[in-house]
Amino acid sequence: MALALVLRSQSRNHVSALLSNVARVSTSSTVASLKTTQRKNIALASPTLVKLSPSLLKNDQIRTIALSAPRLSATGGSHSALWTAERALSAALIGLLPGAIAFPSQTLDTLLAISIVMHGHWGLEACVTDYIRAAIFGATIPKLAHILLLVTSATTLAGLLYFIYTDIGIGNAVRKLWAVKGQ
């Protein structure tokens, strides 16, 4: 929290310094009116982004300055609850995996299967979201990739549950695999 406050104040200071440097380069009347408007926007939008056109570097003149709040990746809110759930599941897997192998039962195997599939699904979903973007592949392929991921995750969970309830289960299968001796 303290780091976020420090970074916000640093970004405001950086924007103010940038605007004062731009004021020295450009004409005074135009910059004076821009600077007052921008200071009001800086006070309202926290943290802000300053976008300068490439012509500023070439001609030492201001063509466009746009102050806007950073865009959030999701339109509806925060991802902190999902991030916390992902980390809690990862921490739970540290104890659940050896527990399901040491004390094999259908209950622990089911919890392990659900946890492993959720953990894998969230990780692969992040990869699909990051690397199969609509800007590169169009609108259809990312949707198909997400649908394929959902089908794969559901099929994997169904297969693991089938293995748990009709066969020896995950914990016993790992124990049998480790019990195989070289011949």
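What about LEU149, is it aliphatic (A, V, I, L, M), in contact with a His (Cβ under 8 Å, 6 or more places away or on another chain) and within 27 Å of LEU82 (Cβ to Cβ)? Yes, satisfied.
Just one of (1) without any contact (Cβ under 8 Å) to a residue 12 or more places away in the chain; (2) surrounded by fewer than 16 Cβ atoms within 10 Å (Cβ to Cβ) fails for GLU125. It is (1).
Taking the options LYS176, LYS143, name whichever one is charged (D, E, K, R) and within 30 Å of PRO104 (Cβ to Cβ).
Values: LYS143 fails: within 30 Å of PRO104 (Cβ to Cβ).
The match here is LYS176.
When LYS143, LYS181 are screened for being part of a helix (DSSP H, G or I) and surrounded by fewer than 14 Cβ atoms within 10 Å (Cβ to Cβ), only LYS143 passes.
Which residue, of ILE132, ILE114, ILE94, is among the aliphatic types (A, V, I, L, M), surrounded by fewer than 14 Cβ atoms within 10 Å (Cβ to Cβ) and at pLDDT 50 or above? After applying the criteria, what remains is ILE94.
The values are calculated or read from the model by the stated rules, or taken from the named source; none is laboratory data. None of the values given here were measured: they were computed from a predicted structure. All Cβ positions, glycine included, derive from the backbone under ideal geometry; neighbour counts span all protein chains shown.
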